[in-house]
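*Asks:* Shown below is the structure under consideration.
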Amino acid sequence: MVTSITSFGRSGLYDWMVQRVTAVILACYTVFMIGYLAFGAELTYDMWTELFQCTAMRIFTLLTLLSFAAHVWIGMWSVSTDYIKPTGMRFVFQSVTGLLTFVYVAWGIQILWGI
Amino acid sequence: MLVSVYRYNPETDDAPYMQDIHIDIPGGKDIMVLDLLQLLKDKDPSMAYRRSCREGVCGSDGMNMNGVNGLACITPLSAVVKDDKLVLRPLPGLPVIRDLVVDMGQFYKAYEKIKPFLINDTPPPAIERLQSPEDRAELDGLYECILCACCSTACPSFWWNPDKFIGPSGLLQAYRFLADSRDTATRERLADLDDPFSVFRCHGIMNCVAVCPKGLNPTKAIGKIRNMLLSQAT
């Protein structure tokens, strides 16, 4: 048993599960967006605004945003523990990744509910 | 043909180097890489490599031949030589002791971690613990591992975290005991593996399956460990 305090959920199985569930959510959002943009009517500002004013779309987008944050953390944590061996450098890399992810989530929420 | 061999003697060399040797194969026969190494050793007795059974049973002569890990004794030249050239290197990722001889300590430590022995806390029977033919069949494809380290040293996750990731060989053995109907420590064994490194550093690239000289499938065993962890979780 290897103990680890910086991984997402402390358990390998939990991280593995979260990674897969969030991947499905990200895939659904991507497919929806591609479908909307490729097969919907020609995009106008009004249509785009209307789409994101819909509560269901806001919930779907927020879910995707949070999934993205969890997915990124697990993935980047994995990459950093593979390739960055000095603890100090790895800590800096993980801190920057965590901070950036948090900024994107907060910023995303502001944009979503600012429409 | 041209053979390029990794040479390093820590007593005399500052750094490892590749030694190019031209050699004619007697009778142009398709000999095994191990036989070729013997020819090279006849020329230069200082060359070091491990070997024992010379028939793919002991797992001593695992090495990297033209970029692919395998056992020298059961790999014919025709299977690895390209453009009349063969590059021989020690197994990647493990410390080199000398020439093609690597320090297997890290590999054995990973093996030790998975407790490679039967644990059974019930009173021992008078003669032996019996197993049905079906239960015994569960161990096929697992017990045949000869610990040659070809798989683990072909695995990038093992290269980066040999102290934390068990590696394909160790995990194949871990499943060998998880799958054994006579073992009663399944819960404890699984609890020891449920961290982000031991099992879950496997990203399923299947290098281990591609190089295993015994044709075993560690990736499949790792998938089964993951399923066992999943099915006992709530």
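The values are calculated or read from the model by the stated rules, or taken from the named source; none is laboratory data. Please read these numbers as outputs of a predicted model, since none were measured by experiment. Cβ sites come from the backbone with ideal geometry, for glycine too, and all protein chains shown count toward neighbours.
*Asks:* Taking the condition more than 16 Å from A:G9 (Cβ to Cβ) and assigned to a helix (DSSP H, G or I), does A:A106 pass?
*Replies:* Yes, satisfied.
*Asks:* Here's a follow-up. When segment B:139-159 is examined, which residues are found to be in a loop (DSSP other than H, G, I, E, B) and buried (at least 24 other Cβ atoms within 10 Å of the Cβ)?
*Replies:* The answer is B:C148, B:A149, B:C150, B:C151, B:C155.
*Asks:* Still on this structure, please answer the following. Determine which member of the set B:V57, B:V81 is within 26 Å of B:R176 (Cα to Cα) and touching a residue at least 60 places away in the same chain (Cβ under 8 Å).
*Replies:* B:V57
*Asks:* Please specify each residue of segment A:71-91 satisfying the condition of being outside any loop (DSSP other than H, G, I, E, B), of a type in the set (A, V, I, L, M, F, W, C) and over 19 Å from A:L13 (Cβ atoms).
*Replies:* Matches in segment A:71-91: A:V72, A:M76, A:V79, A:M89, A:F91.
*Asks:* Here are some conditions: (1) in contact with a Leu (Cβ under 8 Å, 6 or more places away or on another chain); (2) under 24 Å from B:C151 (Cβ atoms). B:S52 meets all but one. Which one does it not meet?
*Replies:* (1)
*Asks:* Yes or no: segment B:170-180 includes at least one residue that is within 11 Å of chain A (Cβ to nearest Cβ) and surrounded by fewer than 24 Cβ atoms within 10 Å (Cβ to Cβ).
*Replies:* No: zero hits.
*Asks:* Further, regarding this structure: Tally time: how many residues in segment B:186-210 are under 19 Å from B:F117 (Cα atoms) and surrounded by fewer than 17 Cβ atoms within 10 Å (Cβ to Cβ)?
*Replies:* Looking only at that region, the number is 4.
*Asks:* Could you tell me which of the residues A:T30, A:T44, A:T55, A:T3 is in contact with an Asp or Glu (Cβ under 9 Å, 6 or more places away or on another chain), loosely packed, with under 14 Cβ neighbours inside 10 Å and free of Cβ contacts under 8 Å to residues at least 60 places away in the same chain?
*Replies:* After applying the criteria, what remains is A:T3.
*Asks:* Which of the numbered conditions does A:A38 fail, given that it passes all the others? Conditions: (1) surrounded by 10 or more Cβ atoms within 10 Å (Cβ to Cβ); (2) out of contact with any His (no Cβ under 7 Å at 6 or more places or on another chain); (3) free of Cβ contacts under 8 Å to residues at least 60 places away in the same chain; (4) assigned to a helix (DSSP H, G or I).
*Replies:* (1)
*Asks:* While we're here: Tally time: how many residues in segment B:181-234 are of a type in the set (D, E, K, R), away from every other protein chain (no Cβ under 14 Å) and either outside any helix (DSSP H, G or I) or touching an Asp or Glu at 6+ places or on another chain (Cβ under 6 Å) (or both)?
*Replies:* Of the residues in segment B:181-234, 3 are of a type in the set (D, E, K, R), away from every other protein chain (no Cβ under 14 Å) and either outside any helix (DSSP H, G or I) or touching an Asp or Glu at 6+ places or on another chain (Cβ under 6 Å) (or both).
*Asks:* Moving on. Out of B:Y49, B:Y6, I need the residue that is assigned to a loop (DSSP other than H, G, I, E, B), aromatic (F, W, Y), touching a residue at least 12 places away in the same chain (Cβ under 8 Å) and within 21 Å of B:G67 (Cα to Cα). Which one?
*Replies:* Of B:Y49, B:Y6, the one residue that is assigned to a loop (DSSP other than H, G, I, E, B), aromatic (F, W, Y), touching a residue at least 12 places away in the same chain (Cβ under 8 Å) and within 21 Å of B:G67 (Cα to Cα) is B:Y49.
*Asks:* Scan segment A:69-82 and tell me whether some residue there is exposed (fewer than 14 other Cβ atoms within 10 Å of the Cβ), farther than 20 Å from A:R20 by Cβ and over 14 Å from the mean Cα position of the chain (by Cα).
*Replies:* No, segment A:69-82 contains no residue that is exposed (fewer than 14 other Cβ atoms within 10 Å of the Cβ), farther than 20 Å from A:R20 by Cβ and over 14 Å from the mean Cα position of the chain (by Cα).
*Asks:* Something else now. Of the conditions (1) at pLDDT 95 or above; (2) out of contact with any helix residue (DSSP H, G or I) (no Cβ under 9 Å at 6 or more places or on another chain); (3) within 12 Å of another protein chain (Cβ to nearest Cβ), A:T3 satisfies every one except a single condition; which number is it?
*Replies:* Among (1) at pLDDT 95 or above; (2) out of contact with any helix residue (DSSP H, G or I) (no Cβ under 9 Å at 6 or more places or on another chain); (3) within 12 Å of another protein chain (Cβ to nearest Cβ), the lone unmet condition for A:T3 is (1).
*Asks:* I would also like to ask the following. For residues that are of a type in the set (F, W, Y) and outside any loop (DSSP other than H, G, I, E, B), scanning just segment B:88-120, find the one that is farthest from B:A185 (Cα to Cα).
*Replies:* B:F107
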